[in-house]
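Bear in mind that the values in this text are calculations on the coordinates, not laboratory data. On a predicted model such as this, the values are computed, not experimentally measured, just so you know. So basically every Cβ, Gly included, is an ideal-geometry build from the backbone, and we count neighbours across all protein chains shown.
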Amino acid sequence: MKVLLTGGAGFIGSNLVRLLLHDAPDLEITNLDKLTYAGNLESLAGVANSPRYRFVRADVADARAVERVFAKGFDAVLHLAAETHVDRSLEDAAPFLRTNVLGTHVLLEAARRHGIGRFVHISTDEVYGSAPAGAFFDESAPLHPSSPYAASKAAADLLVSSYVHTFHVPAVILRCTNNFGPYQFPEKLLPLAIANALEDRPLPVYGDGMQERDWIYVEDYCRAIHLALERGRPGEIYNVSAGRPRANLDVLRALLALVGKPESLIRFVEDRPGHDRRYALDSGKFRSELAWAPQNDFERALAATVEWNRANAEWLERCRSGAYRNYYRRHYTERKKTLERWQSS
């Protein structure tokens, strides 16, 4: 099987490339990635010379470039390429609309023209919006995105569904909760907190820190994507989750206890505008249909992720370029000024 995987130099994408090359010896993978700030070919150094792997630098929103790639012939598409950080979408939504919406449309058109046999679209739990206390959204829940990022992903989901119903593109949509693990760019809560904790630097947390997220180890999600590629039913939407939402503050406390650092490192900063309070998904449909369950519990996976960060300090430091440091300053060190600037513009 020849698979086109978009966004394979990113966090989930690079983990997925490695898992597929290891677990699926019959797959040939072409990785299409634009290499934005979060794309890092260093994350794939260990597999770059595999005869079953090829890298193409291209933009999923560039229809001509995508058509040239599709001309090589593929059996399936795994669509992971996306702009993903909510705060960046609040600063400028345009790149999110281009990559997440237009890019998805370009890929769907190419998949339709070339008769692709399977199209797996990677979405997010954020399309549902905030879940009430104690509730878990299933796939029938209405979409209620709160940020430009979430709205762009919801729009992409609707596009995919429309191509299933109108053009019979055999697509599957996966909506997952927060991933963590090796090779994650250090701007999201957990990788940022791990990096800072290991250096005795403050751990910033928005608002009161009681926002709830459901954390899943990236290896478990990559196995879920592989199952969706092999056995997911075309036209279906599947939620993927560990099923145990945790308050951000509790996650940070668990991290500090693990690395032997004081809770005084936690720093509360101004909350994100329109910040969703709670994400929680019911993944019963995916678990029952595809016989999937997470194999890594949170505590063991967190310990493994911390150890990976310790062992890969040079990779992390190269990620934290001048652009990253400017972003960190805007959103954490000078958070209040940044919010005031947004409100006055």
Could you calculate the contour length gain from Arg341 to Arg57, that is, 0.36 nm times the residue separation minus the distance between their Cα atoms, to one decimal place in nm? 98.7 nm
Using alpha-carbon pairs under 8 Å, 6+ residues apart, how would you state the relative contact order of the chain in percent? 17 percent
Per-residue HN-Hα couplings for segment 3-9 [Karplus 6.51, -1.76, 1.60; θ = phi - 60°; Hz; x = Gly/Pro]: 10, 9, 10, 8, x, x, 9
Quick one: what do you get for segment 127-271 if you divide its Cα Rg by 2.2 N^0.38 Å? 1.21
Across segment 110-120, in residue order, what do the Karplus-derived ³J(HN,Hα) couplings come to in whole Hz, using 6.51 cos²θ - 1.76 cosθ + 1.60 with θ = phi - 60° and x for Gly and Pro? 5, 4, 5, 5, 9, x, 4, x, 7, 10, 9
By how many nm would the segment from Arg112 to Ala45 grow when fully extended, if each residue of separation counts as 0.36 nm and the alpha-carbon distance is taken off? 20.9 nm
If a/c stays under 1.5 just call it rounded; otherwise compare a/b with b/c (prolate if a/b is bigger, oblate if not). Do that for segment 231-282, with a ≥ b ≥ c from the square roots of the Cα gyration tensor eigenvalues. oblate
I need to check one value: relative contact order of segment 80-183, counting alpha carbon pairs closer than 8 Å and at least 6 residues apart, in percent. 37 percent
Filtered hits (lysines, Cα-Cα < 26 Å from Lys72, offset >= 8 within chain) -> Lys2, Lys34
Please work out the C-alpha center-to-center distance from segment 185-242 to segment 31-88 and express it in whole Å. 21 Å
Which far-off residues, 5 or more places away or on another chain, put their amide H under 5 Å from the one on Ile216, with H placed in the peptide plane? Asn178, Asn179, Phe180
Per residue of segment 169-176, what does 6.51 cos²θ - 1.76 cosθ + 1.60 with θ = phi - 60° give for ³J(HN,Hα)? Whole Hz please, x for Gly and Pro, Karplus curve as stated. 5, x, 9, 10, 10, 10, 10, 10
Cut-off is 10 Å between beta-carbons; in what order do His85, His275 appear when sorted fewest neighbours first? His275, His85
Subtracting the Cα-Cα distance of His168 and Trp308 from 0.36 nm times their residue separation yields 46.1 nm
Report the charge-dipole magnitude of the chain in Debye, nearest 20, computed about the Cα centre from +1 at each Lys and Arg Cβ and -1 at each Asp and Glu Cβ. 580 debye
Among 139-149, 106-116, what's the highest-first ranking by average C-beta atoms within 10 angstrom per residue? 106-116, 139-149
To check you understand DSSP bridge types, tell me what percent of the beta bridges within the chain (both residues inside) are antiparallel, rounded to 5. 5 percent
